[in-house]
Amino acid sequence: MNTHAMPTKDEIVALEKSYWDAMKSKDGRRTSELSGTTALVTGAQGVMRIEKEKMGKMTEEGKWSLESYVLEDVEVSTPSPDIALIAYTVRQSVTMDGKSQNLRAADSSVWIRGSNGWECHAHSETFLK
C-alpha cells in the first residue's frame, strides 16, 4: 500500500533545481544520487542511456561549466504520488570549450519516487532560438 502524499509543485521544482545546482557545482556524487539507475537523456547529442555512476563522472569531468540558470514557465504534473513530470524553459549561462554562451532551452524531466527517494529517470532538452 502506497502511503506517500502527492508531491507539491514546489517539491518537484526544488528537486529539479537541486539537480541544476549539482551540475553548477560539478557535484557528481549529487547528480548520481538524483539519477535513476539508468536515465534516458535526449538533447543536442541525440538519445542516450546513462548509468547513474556515469552521470556522476560526466558531471565532474565534462569540459563545460554552468555559471547560472533561471527556470521559467514551469509546469508540473503528478499522475500518481510517486511520479512527477516537470517541463520548463531555462535560461543558462555556460562555458563550453572555453566559449561563454547564453542559451535558452525547453527542458523536461520525469521523477520517480522509489526506495532511494526521488530519482530522475528521463531528461530532455531542446535549444530554442
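Values in this text are rule-based calculations from the coordinates and carry no lab data. In this text, all values refer to a predicted model and were calculated from it rather than measured experimentally. Methodologically, a virtual Cβ is constructed for each residue, glycine included, from the backbone with ideal geometry; neighbour enumeration extends over all protein chains shown.
Summary of computed values
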read-out: Local electrostatic count at ARG104 - Lys and Arg +1, Asp and Glu -1, tallied over other residues with Cβ under 13 Å; value: -2
read-out: Options [x] 15.1; [y] 15.4; [z] 14.1 - which one matches Kirkwood radius over Cα pairs in Å as calculated here; value: [x]
read-out: Extension gain from MET6 to THR95, taking 0.36 nm per residue of separation minus the Cα-Cα distance; value: 28.3 nm
read-out: By average C-beta atoms within 10 angstrom, highest first, the peptides 96-104, 19-27, 73-81; value: 19-27, 73-81, 96-104
read-out: Distance in nm between pseudo-label sites at MET48 and LEU71 (7 Å out along the Cβ direction from Cα); value: 2.1 nm
read-out: For the chain, built as a Gaussian network whose Cα springs stay under 10 Å, the top-fluctuating residue of VAL70, VAL90, VAL110; value: VAL70
read-out: Antiparallel bridge percentage (DSSP; both residues within the stretch 9-127; nearest 5); value: 90 percent
